[in-house]
Structure formats: structure tokens, C-alpha cells
1. Given Ile130, Ile136, which one is of a type in the set (Val, Ile, Thr) and either over 28 Å from Arg178 (Cβ atoms) or open to solvent by 80 Å² or more (accessible area, probe 1.4 Å) (or both)?
2. Scan the stretch 86-109 for residues that are over 29 Å from the mean Cα position of the chain (by Cα) and of a type in the set (A, V, I, L, M, F, W, C) and jot them down.
3. Among the residues of the stretch 97-109, count how many are more than 10 Å from Val65 (Cβ to Cβ) and either at pLDDT 85 or above or hydroxyl-bearing (Ser, Thr, Tyr) (or both).
4. Quick check: anything in the stretch 76-96 touching a Gly at 6+ places or on another chain (Cβ under 7 Å) and open to solvent by less than 30 Å² (accessible area, probe 1.4 Å)?
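The values are calculated or read from the model by the stated rules, or taken from the named source; none is laboratory data. Because the structure is predicted, anything quoted here is derived from the model rather than measured. In this analysis, Cβ positions are derived from the backbone assuming ideal geometry, glycine residues included, and neighbour counts consider all displayed protein chains. The accessibility values were calculated without ligands, DNA or RNA, using every heavy atom of the protein model including side chains. Shrake-Rupley method; radii C 1.70, N 1.55, O 1.52, S 1.80 Å.
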Amino acid sequence: MSDDLPSLHHSVIGLDVHQAKINACWIHQNEQGEKTVEHREFGGFQRDRRALAQWAAACHPEIVVMESTGIYWRSPYAALERMGIRAWVVNARHVKTVPGRKTDVADAQWLAMLARAGLLRASFIPEAAIREARLIAHYRQKVVGMLSAEKNRLHKVLADTGIRLNVRVADLHGKTARSMVKALVWRWQGSRADRQDLREALQAESWSITHRSLLGHILQHIEMLEAQVATLDAELAEQLRPWQARSATAADPAGSR
């Protein structure tokens, strides 16, 4: 692709983002049609991202463009966003398929050239509040996965002793079953009915101190993870509260007056 092609934008910055540094290229064309190309390099610390955003703001670009490789684009994107700068994140595979690149053109300059010629398409990036809510949701998903694994582990340890608690109760991880396992592990004294259930449901063929200790650790971990999921649910609900209010207003604009 020739850089002499007609341009859609007269001021564009391309960013080549790495873990420890950011290479930037600003291509600017003045009213007389004179084009200037400026290269800058910034570090990977927070102060460097602030410096990048301040420099970009001084350039007054129509677009700042970067590739969506890895996770390193997120921090400079947020810094630019806070400065009110229009930033694009583009698909790296799309960039690689555009023909005409010269071998001596740096990545940042190539991005700026493509954006200037209107050959790139921005990926959808939700606003900051939604991105933060997604962080919570993704972590919650990980914790739920760990919780599920621990519940399966509890079942396996019980099965190893010969206990078939799932035959006696409908929900192995419900309140009744949890109380039975706790009574078995920590020797809680329940009612006569509880003790009768224990005799019928908790007949262990190979019960040992090791089983009791291991089940205790697993139970504690399960309850810790359950509490963590509840906390994350509350944080996520709080994070999404403004969006729920906005959705309600959009659905019933008359009722909001």
C-alpha cells in the first residue's frame, strides 16, 4: 500500500504496545498538505502511560489506534479514555492481512498509515464501568469453578470411605447433607432424629482420621468459596446498579418523569 493514497484522517497516532514499552507514531497533515511523521517511545509504568496520554492530547489526533494483542492494550487505552481521546482497538489478524507493507516500516507507523487511509475497523470496547463489571464476573466464574471442584472432591472422599450420602438425601450439597457431614467430621451432637439419619446414611466401611481431617479442610474451603461468591455477587450487583436504572428508564420513559 502506498502512503500517497488519499487519506480520510489528517491526524492519526499508531501505538505498538508491549509489556515494558509503547512505541508511538504520529502522522499529521497540515492544511497545505504537508505531512510530518513523529516517533516516540514510552515505558510501561503508570507515569509513562500518563505521559503518553498527555502527548497524544497535545497532538489532537482524530484517532489513536492499537492492536488487540494480549492484555497490554488495556492500560494505555484506559489512560487515553480518561483524557477524552478517541481510541481504537483493532484486530491484529485483520492488520496482518492488509497488503502492501514495506519491511522498513515500524509497527506503530503501519497502524497509523492504515488508520489514516481508512483501512481499519475498530473493535467494540465497552465503557470503563462495564469493563470493570466484566472483571468481577470473570473472577466470579473462576471461583464458581473452584467451588464445583471442591464439592466433587468432597463427594469422592465420602465415597472412598464407603459412605453413600447421596442415596439418603436429594441434594448432596444442601443444608441437610451439609449438617450430616459436619456432624460426622466435628462430632456435633444433633437431635435423636439427626443421629438416626447419621446411623443410616453415614455407615462408613473405611473411615479414618485422615478422612475426617481431609473432609474438614474441604468443608472449610467450600464455605470460604461460597462466602466469596456471595461477596462477588453483591459487588457485581452494585457495579451494575446504574445500568439497571438506565435500562428501566429506557423501557419506561414516561414512568421516569
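1. Ile130
2. Val98, Val105, Ala106, listed by residue number.
3. 6
4. Just the residues of the stretch 76-96 that are touching a Gly at 6+ places or on another chain (Cβ under 7 Å), to begin with: none.
Within the stretch 76-96, none of the residues are touching a Gly at 6+ places or on another chain (Cβ under 7 Å) and open to solvent by less than 30 Å² (accessible area, probe 1.4 Å).
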